Structure formats: C-alpha cells, structure tokens
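The structure appears right after this line, and notes come after that.
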Amino acid sequence: MAAMEKISFPPLIAELSEKSALYNQWYNESEMKYGSLLAHIIAGWMTEVVEPIVKETIAFNSAPEKVHEVVKALYQESLKLIGSGSAIRYKDEYKQAWLLMAEMPNLVVKFPIKTISLLNDVLSNFHLYAPEKITDWCKLISNSSSEIKTIDDFKIVGRIYAWKCGLAHLRIRLKTDFGVLSENLQQIVGTIVDSDKNTIEVFENPWINNSTKFEGVQGGFKGTTGFFENPPKLAQIDGHIFATDSISSYALFADQFGKVLIPANTVDATYILSNSKRLETLEKWLGKDSDKIDAANISSVVATENTLVFTLQNSYFLYLFSLGNA
C-alpha cells in the first residue's frame, strides 16, 4: 500500500498492516480505474484527514469490526476523491468538510459510507451554485455538531445551513424539516438563521424587509461564466419562475440568502416563451423608482406575491426586487 509510513496512530497502523493485502488490492483497483495515484498525495491525505477522523471514531467505539468498517470506508472513498482529482483541485474544501466527521464520530461509526456521501454531495452542490460559501457551511455544521445525534439530523441541519449559505432552492422543504428536529437543535438552528424557535416564518417568507428593495441580478452572458447565450425572457409557470434564452432554460430561486438558477431541462423553451409577459411599466411595484427604468427596454416581467423579476432588451441578466412581507 502506498506511502503509509507517516501515519503515527497505532490502531490505524495496526489495521492497515494486518489487512495490508485488502488495502493493497483496493489501491491497485483504483490505479486501474483512475491511473497512477501519487503516493505523496495519498500519504498527505491519510495523515491530515483520515488519521484525525479515525482517532475520534476509535475513542467513540474501538470494536475491531467497527474500526475496520470505518477505515475501509475512509480509505476507499479517499481513493475515489484522489483518483477523480477532487481531493487535489479542491483539497482545502474537502479537507475541511471531511474533518467534520471527527466532530461527529457517532455518525461515522454507524453510517461511514452514508456520512461521507452526504458530505461529498453537499460539496458538489456548493461547487455548482456557491463555491465561495463552503467554508461558511462547514463552520455552521461545526458549531452545531455536538447536538447532531442522527443521520437525519445531519441531513436536515446540513440542508438548512446550505440554504443559509445561498442555496435558495432548498428553502421550499425546510418548513417541514425544521419541525422534525429536537428542541435543542431547533434552538441552535433558529438562532443561526435569525428565527425564533417557535416560528418558521423565516422558511415561509423569502425576504425579511417589509418594503420593496432591489436584490441584485442573476444570470449573465455564458461566455463570461454566466448562463445565457442570448438575452433571456421570463415566465411564471405553476408558481415557479423560469428563464430561457431559447437554448437553455432554468428555474429561478431567490431569497434573502441567495439566488440560484437550476437547469430546467424538462420544461420546453418555447413553452416558457409562450407564457412570457411584457409590461409597459413597473410603477405598480416600484412606484417612483420605476422612472429609473426605461419601460421600452423591458422584455419580460414576472411578479409573485413577494418577488418581482424582469429582463431588459439586450441584457443577459435577470433583475430582482423583493416586495417584502407587508
């Protein structure tokens, strides 16, 4: 097995040595799948990430069969991350996320593969929609880890914090999720998302202000890390906001914590365009501020109970206003 000489924790050394044939087999299978795996990368990951997790899980449960189950899962999943390049391109993010397992050994001992998969799924979502918020999410989980008792706690708290960190499309299910949590977790989560533990208004209302406010833009030209190849148009269909440039279509989710465009591959672009509406003025929603926008330049508008979105001719952006909760 490659480059294990830097490991210093005796139980981990014993596990890898006593079952070296198995670990060598998994290493060789990974090299066949991914190509040559650099020994120093594996060694660094094992000592910086895997070893601290194993120390905490063994302190929680040192039964030999559990030690093997945990180390096997960590080793095999580590090889996948390294082989795919994720643990190299995004080393700091994955390291920070994986080390959360050292703070939740109870979950790792019971559900090693599932816990790792949940962490990897969260990072994949953040890399798609809000990569700059991964560290923030990890800090929130760390602050709550002592009260995360079950895998369902982790799923729900992870979703709520991912929403808090900008993944607006997750909000729709959080009202139900929040009610499932223990009172202690509800208090912790409620404080973090600025919500009273006896209410779930923060999940029901996307905006905290009670008056109209410009909330920024979303979208942009695809050639500059945006989404659209042509100026997009909007439509509201079955309560959801869709945008299309005739080539790609997206569902828009936006609230006080973030703005996300999710690919809407099952919704035909022509159907979105046929439902698109163009208004001559935004005065009904924006009042005097509507004078700042050239009405002739408005190409499409959607107004929900709490959100106004419009597009402009020759612009690749969606313009968002919160209409508050008044």
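Say the cut-off is 25 Å between C-alpha atoms; which of Lys6/Lys55; Lys55/Lys133; Lys19/Lys55; Lys33/Lys66; Lys213/Lys284 go over it? List each step's numbers first, then the result.
Details: Lys6/Lys55 15 Å; Lys55/Lys133 28 Å; Lys19/Lys55 18 Å; Lys33/Lys66 27 Å; Lys213/Lys284 14 Å.
From the list (Lys6/Lys55; Lys55/Lys133; Lys19/Lys55; Lys33/Lys66; Lys213/Lys284), the Cα-Cα distance tops 25 Å for Lys55/Lys133; Lys33/Lys66.
Debye sum, Cα scatterers, region 167-305, no solvent: what log₁₀ I/I(0) at q = 0.09, 0.12, 0.18 1/Å?
The computed values of log10 I(q)/I(0) come out as -0.36, -0.61, -1.11.
Express in Å², to the nearest 10, the accessible area of Thr191 obtained by rolling a 1.4 Å probe over the protein heavy atoms while all chains stay in place.
Ignoring ligands and nucleic acids, Thr191 comes out at about 100 Å².
Nearest 20 debye, what's the magnitude of the dipole of region 112-220 about its Cα centre given +1 on Lys and Arg Cβ and -1 on Asp and Glu Cβ?
On the way: 12 positive and 13 negative charges, 42 e Å.
Dipole magnitude for region 112-220 comes out near 200 debye.
Using modelled backbone amide H atoms (1.01 Å from N, in-plane), which distant-in-sequence or interchain residues come within less than 5 Å of Tyr316's amide H?
The list, which skips near neighbours in sequence, is empty: none.
Taking θ as phi - 60°, what are the ³J(HN,Hα) couplings along region 94-106 by the Karplus curve (6.51, -1.76, 1.60), each to the nearest whole Hz, with x for Gly and Pro?
5, 4, 5, 5, 4, 5, 4, 5, 5, 8, 10, x, 4
Contact order normalised by length for region 116-270, with contacts defined as Cα pairs under 8 Å and 6 or more residues apart; what percent is it?
Values: 185 pairs, mean separation 27.6, N = 155.
About 18 percent, as a whole number.
Convert each backbone phi in region 248-262 into a coupling constant with the Karplus relation 6.51 cos²θ - 1.76 cosθ + 1.60 (shift: θ = phi - 60°), then list the ³J(HN,Hα) values in order as whole Hz, x for Gly and Pro.
10, 10, 9, 9, 9, 10, 8, 7, 4, 9, x, 9, 9, 10, 9
Whenever you get a sec, compute what percent of the accessible area on region 224-326 sits on carbon and sulfur atoms (1.4 Å probe).
Numbers: 2490 of 5250 Å².
Using a 1.4 Å probe with all protein chains present, region 224-326 comes out at 47 percent carbon and sulfur.
Can you give the longest stretch of the chain with no exposed loop site, where a site means GluC sites (Glu not before Pro) in a DSSP loop (not H, G, I, E or B) with at most 12 other C-beta atoms within 10 Å?
Values: sites that count: Glu5, Glu280, Glu305.
Within the chain, the longest run free of exposed GluC sites (Glu not before Pro) spans 6-279.
Only bridges with both residues in region 179-319 count here: give the DSSP antiparallel percent, nearest 5.
Within region 179-319, antiparallel bridges account for around 95 percent of the total.
Note the angle between two axes, namely the Cα long axis of helix 51-60 and the longest principal axis of the Cα atoms of the chain, as a number of degrees from 0 to 90, rounded to the nearest 10.
That helix lies at roughly 80 degrees to the long axis.
Using the scaling law 2.2 N^0.38 Å as the reference, what is the normalised Cα Rg of region 3-86? The partial results should precede the final answer.
Values: Rg = 12.2 Å, N = 84, 2.2 N^0.38 = 11.8 Å.
Cα Rg divided by the expected 2.2 N^0.38 Å: 1.03.
Rolling a 1.4 angstrom probe over the protein heavy atoms, how many square angstrom per residue are accessible across the chain? Provide the component values of the computation, followed by the final result.
On the way: 15780 Å² over 326 residues.
It amounts to 48 Å² per residue over the chain.
Percent relative contact order of region 257-315, based on C-alpha pairs within less than 8 angstrom and at least six residues apart?
RCO, region 257-315: 25 percent.
³J(HN,Hα) across region 122-131 via Karplus (A = 6.51, B = -1.76, C = 1.60, θ = phi - 60°), whole Hz, x for Gly/Pro?
In residue order, the calculated couplings are 4, 5, 4, 5, 5, 5, 6, 10, 7, x Hz.
Out of Ser211, Ser249, Ser145, any idea which swings most in a Gaussian network model of the chain, alpha carbons joined below 10 Å?
Ser211
Quick check for me: using +1 on Lys/Arg Cβ and -1 on Asp/Glu Cβ, what's the dipole size of the chain about its Cα centre, in debye to the nearest 20? Before the final figure, lay out the partial values.
Details: 31 positive and 38 negative charges, 48 e Å.
Using only the charged Cβ atoms, the result is roughly 240 debye.
Taking region 56-140, how much of its Cα-Cα pair set, in percent, is spaced more than 17 angstrom apart? Before the final figure, lay out each step's value.
On the way: 1652 of 3570 pairs.
Considering region 56-140, 46 percent of its Cα-Cα pairs are separated by more than 17 Å.
Looking at Ile192, Ser249, Asn205, which one has the Cα that reaches farthest to the positive end of the dipole of region 134-255 (charges on Cβ: Lys, Arg +1; Asp, Glu -1)?
About the Cα centre, the residue reaching furthest to the positive side is Ser249.
Compare Pro105, Pro64, Pro131 in a GNM of the chain, Cα atoms joined below 10 Å, and give the one with the largest fluctuation.
Most flexible of the set in this elastic network: Pro64.
The values are calculated or read from the model by the stated rules, or taken from the named source; none is laboratory data. Small disclaimer: the values here were computed from a predicted structure and weren't measured. No Cβ is skipped: glycine too gets one built from the backbone with ideal geometry, and neighbour counts run over all protein chains shown. We work out accessible area using only protein heavy atoms, side chains counted, and drop any ligands, DNA or RNA first. Shrake-Rupley method; radii C 1.70, N 1.55, O 1.52, S 1.80 Å.
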